[in-house]
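**Student:** Let me give you the structure first, and then I'll get to my questions.
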Amino acid sequence: MTKTLAKILFIIYSLILIWIILFKLSFHPINFLVNVNTRSLNLVPFALSGGRREVLLNVFIFVPFGVLLNMVGRKIPFLLKFLIICAVSFLFESLQYLLSIGASDVTDLITNSLGGLIGLSLYSIAMKLGQKRKVDRNIVVLGCIMIVFIIIWIGRLFFRRMM
């Protein structure tokens, strides 16, 4: 049951991540893609980043990716999981550039990958310190609670923009 819930959480989290990164919290993705033509590429780490807050948010938003990837991909070696995280971050940055929907920034690639690595590491440490079943159950419960809060937050955003 926990493994199934972890997979569901991973899918929901991935969809939310896509909405945040590619659609910039827009409730009208088609209009957003048609109306936005921002394309920039920054290859110098931390040169044009939006400041400490943006860097920390990029790290923070990918921590659950590492945790959930560890839960759903137990048999995948640690290094391969980290490479998957790096590849997903690279994919997001590439799509932003190719679709002209934002700035592609090597800083984002670094900070997203760092966040995923932190998530991988936190889960691995928790597994060594605790019982596997309890750790997984607690993560799933916490993930479900967070999803509820995210849905409430999205609802508030939606209704605020409607008014």
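**Student:** Considering only residues that are closer than 17 Å to Ile18 by Cβ and surrounded by fewer than 18 Cβ atoms within 10 Å (Cβ to Cβ), look in the stretch 34-59 and name the one that is modelled with the highest pLDDT.
**Tutor:** In the first step, residues of the stretch 34-59 are kept if they are closer than 17 Å to Ile18 by Cβ; the result is 36, 57-58.
Those left that are additionally surrounded by fewer than 18 Cβ atoms within 10 Å (Cβ to Cβ): 36, 57.
On the way: Val36: 59, Leu57: 90.
My answer is Leu57.
**Student:** Something else: With the requirement that a residue be closer than 21 Å to Ser26 by Cβ and either touching a helix residue (DSSP H, G or I) at 6+ places or on another chain (Cβ under 6 Å) or charged (D, E, K, R) (or both), what does the stretch 61-103 give you?
**Tutor:** Phe62, Ser89, Phe92, Glu93, Gly102
**Student:** Considering only the stretch 71-106, state which residues are under 15 Å from the mean Cα position of the chain (by Cα), surrounded by 21 or more Cβ atoms within 10 Å (Cβ to Cβ) and of a type in the set (Val, Ile, Thr).
**Tutor:** Ile85, the sole residue that qualifies.
**Student:** Might you check whether a residue that is closer than 21 Å to Gly143 by Cα, without any contact (Cβ under 8 Å) to a residue 40 or more places away in the chain and among the β-branched types (Val, Ile, Thr) occurs anywhere in the stretch 86-102?
**Tutor:** Yes.
The values are calculated or read from the model by the stated rules, or taken from the named source; none is laboratory data. Here the structure is a predicted model, which means the values were calculated and not measured. Cβ sites come from the backbone with ideal geometry, for glycine too, and all protein chains shown count toward neighbours.
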